[in-house]
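The values are calculated or read from the model by the stated rules, or taken from the named source; none is laboratory data. Computed from a prediction, not measured in an experiment: that's the story for all the values here. Cβ: placed from backbone, ideal geometry, glycine included. Neighbour counts: every protein chain shown. In case anyone asks, the SASA skips ligands and DNA or RNA and just uses the protein heavy atoms, side chains included. Shrake-Rupley method; radii C 1.70, N 1.55, O 1.52, S 1.80 Å.
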Amino acid sequence: MKIEVTVNGEHQSYDVEPRMLLVHFLREVVGLTGTHVGCETSLCGACSVMLNGDAVKSCTVLAVQADGAEITTIEGLAQNGELHPIQEGFWECHGLQCGFCTPGMIIAAHQLLERNPKPNEADIRRGIEGNLCRCTGYQHIVDAVQYASKKMTR
Amino acid sequence: MTPFDYHAPKTLRSAMRLVQEFGDDAKVLAGGHSLIPSMKLRLAAPSVVIDLGGVAGLKRVTAGNETITIGALATHYAVESHRLLPSKCSLLPETAAEIGDAQVRNRGTVGGSIAHADPAADWPATMLALDAQFDIAGPDGERAVAASDFFVDLFITDLQPGEVLTGIRIATPPENSGGAYVKMRQSASGFALAGVAAQVTLDDAGNCASVAVGVTGVAPAAYRAHAVEDALVGQGIDAVADAAAHAADGVEEFQEDHHASGDYRAHLARVFTQRALSQAIDRAA
């Protein structure tokens, strides 16, 4: 089935099987492997992307449902070689160890800061509730989001 | 997932035509946050999927002085973030905020959850407590069903073959009303081991003029705790503890699994009914 999507600003059409999940489409058809496949059961959040401005778990969306949509993946956040402030926060605050959850964490944080530019710690923990990290623990991730919030609202 | 044909109608009329045409071979897709996981596990393997996501007019949420309407395709987040609902009927955004996580709430829909009727879903309790009416389109036209007649059994509703849930209507609660939704979350999934929605209206003396309690997670289908309601009408907050003790009265079969026994769920129903009623009365005052 033919679909047209805009991924990180680039508009293209693709032919996909209806049962293909959005995450597999992004990784295997578009070739953007920054979005990770974690649990594939809508729990871990590693596959989070922005779909028409909403953070979604792309393992629980069919590629065909994204026909006509604008998608932003982790690859679309940095501009002109400059890290996005959230990415910079993860760098500065040691918000990752293995990095597997990081793309999804950053997308979830991105959504949170769009809706609430100055979240408190409880807001941040609730905002990344749908994303699991199995190594760093969450404190440095919370620090990273606070760093980004400060930088983005300055 | 087994292969399927995908249809994305743009109008309800063409969606209904497809639903009639493909019958039992088809599944209707709303936000996909129950159906897609079921299809991945091959618990569902429809040969046709009819996606309502592009159907115009099914996503609207309105909050008037008389009536609140929620289109079947409105997301949980649309209810959670609605500008007027906190003052018109706080039980609705409070329930929405308890579902899943931010990404799930962005995508999952109120109508999808209701039509799916998971025994641990949050919305059924709240829809029961608000006496919601469900608008249903079918081969012979439209009909409305009360929430109390809708949730029949485990994943079974009053929806008949060829019918599609299109919207939800709720009478806007009067002044001196308050609601609360509280639940015990299963710690990994966030689903309700037990969830209780309470909506009360107080009279001038501060006693309960009306009480409605919906319970989810405890029985195969969400239910109204009528024994609790009967015990509390005409009474004040001091009567809540005794009334809440009836929260699992009349339940013939309890949900039981490795997360919680039936006895424990019955206990949770009573405890959370007490909490929900106390908060609801507090907010109504």
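With the simple spin-label model, which puts each label point 7 Å out from Cα in the Cβ direction, the residue A:2 to residue B:69 separation comes to 3.6 nm.
Between residue A:78 and residue A:10, the simple spin-label model (points 7 angstrom out along Cα→Cβ) gives 1.5 nm.
Packing, as the average of other Cβ atoms within 10 Å across residues, places the peptides B:134-140, B:122-128 in the order B:122-128, B:134-140, highest first. Per-residue ellipticity at 222 nm computed for chain A from its helices equals -8500 deg cm²/dmol, with DSSP H segments shorter than 4 residues left out and the rest contributing -39,500 (n - 2.57). Our summary gives chain A a relative contact order of 24 percent, counting only alpha carbon pairs under 8 angstrom and 6 or more residues apart.
Residue pairs exceeding 28 angstrom between C-alpha atoms, taken from A:151/B:88; B:27/B:88; A:150/B:183; B:59/B:88; A:57/B:59; B:27/B:59: A:151/B:88; B:27/B:88; A:150/B:183. Association of chains B and A removes close to 2200 square angstrom of accessible area from solvent, both sides included, for a probe radius of 1.4 Å. A simple charge model with +1 on the Cβ of Lys and Arg, -1 on the Cβ of Asp and Glu and nothing else charged puts the dipole of segment A:2-76 at about 200 debye relative to its Cα centre.
Solvent exposure of residue A:101, expressed as accessible area, is near 20 Å², computed with a probe of 1.4 Å over the protein chains only.
Here the accessible area is traced with a 1.4 Å probe on the protein chains. For chain A, carbon and sulfur cover 48 percent of it.
Over all projection directions, the Cα-based convex hull of chain B averages an area of 14.3 nm².
A cut-off of 5 Å between modelled amide H atoms, ignoring neighbours fewer than 5 places along the same chain, links residue B:166 with B:135, B:136, B:137. For the listed peptides B:74-83, A:41-50, a ranking on the average number of other beta carbons within 10 Å per residue, highest first, reads A:41-50, B:74-83.
Put the Cα centre of segment A:59-86 next to the Cα centre of segment A:95-154 and the gap is 17 Å. Per residue, the convex hull spanned by the alpha carbons of segment B:117-208 comes to 113 Å³. Mean per-residue shielding of peptide A:45-53 is 2, counting Cβ atoms of other chains within 10 Å of each Cβ. Could you tell me which of rounded, prolate or oblate describes segment B:5-54, using a ≥ b ≥ c as the square roots of the eigenvalues of the alpha-carbon gyration tensor, with rounded for a/c under 1.5 and, failing that, prolate when a/b is larger than b/c and oblate otherwise? Here segment B:5-54 falls in the oblate category. Distances between every pair of Cα atoms in chain A, grouped in 5 Å steps from 0 to the bin holding the largest one, split as 2, 10, 20, 23, 19, 13, 8, 4, 1, 0 percent. Per-residue shielding of B:101-113, expressed as the average number of other chain Cβ atoms within 10 Å of the residue Cβ, stands at 6.
Rounded to whole Å, the principal axis extents of the Cα atoms in segment B:177-284 read 46, 26, 20, largest first. Per residue, the solvent-accessible area of the protein assembly as shown (1.4 Å probe, heavy atoms of protein chains only, all protein chains present) comes to 43 Å².
Ordering B:61, B:92, B:177 by Cα displacement along the dipole of chain B toward the positive end leaves B:61 in first place; charges were set at the Cβ atoms of Lys, Arg (+1) and Asp, Glu (-1). Positive-end ranking of B:233, B:188, B:279 along the dipole of chain B, with charges on Cβ about the Cα centre, is headed by B:188.
Here the relative contact order of segment B:5-54, from alpha carbon pairs under 8 Å that lie six or more residues apart, stands at 58 percent. Within the accessible area of chain B, the carbon and sulfur atoms contribute 48%, probe 1.4 Å, all protein chains present.
Comparing mean-square fluctuations of B:192, B:225, B:144 from a GNM of chain B with C-alpha springs under 10 Å, the top value falls on B:144. Going from the isolated chain to the complete set of protein chains, segment B:1-27 loses at least 30 Å² of heavy-atom accessible area (1.4 Å probe) at B:1, B:3, B:4, B:6. Using just the Cα positions, wrap the protein assembly as shown in a convex hull and report its mean projected area in square nanometres, one decimal place. Its Cα hull, projected and averaged over all orientations, spans 21.7 nm².
Among B:45-54, A:63-72, the peptide with the highest mean count of other Cβ atoms within 10 Å heads the list, and the full ranking is A:63-72, B:45-54.
Cα centroid separation, segment B:195-227 to segment B:137-174: 20 Å. Put simply, segment A:2-76 fits an ellipsoid with semi-axes of 17, 13, 11 Å; these come from the alpha carbon gyration tensor as the roots of five times its eigenvalues, largest first.
Out of every Cα-Cα pair that segment B:1-94 contains, those further apart than 21 angstrom amount to 44 percent.
For chain B, relative contact order (Cα pairs under 8 Å, six or more residues apart, normalised by length) works out to 16 percent. Per-residue ellipticity at 222 nm, computed for chain B from helices alone with -39500 (n - 2.57) per DSSP H run of at least four residues, works out to -8500 deg cm²/dmol. With 10 Å² as the minimum drop in accessible area between chain alone and full protein complex (1.4 Å probe), the qualifying residues in segment B:29-76 are B:29, B:33, B:36, B:37, B:40, B:51. Taking the alpha carbon gyration tensor of segment B:60-114, multiplying each eigenvalue by 5 and rooting it gives semi-axes of 18, 12, 8 Å, largest first.
Interface burial in segment A:12-30 reaches 40 Å² or more for A:18, A:19, comparing the full protein assembly with the chain by itself; accessible area from heavy atoms with a 1.4 Å probe.
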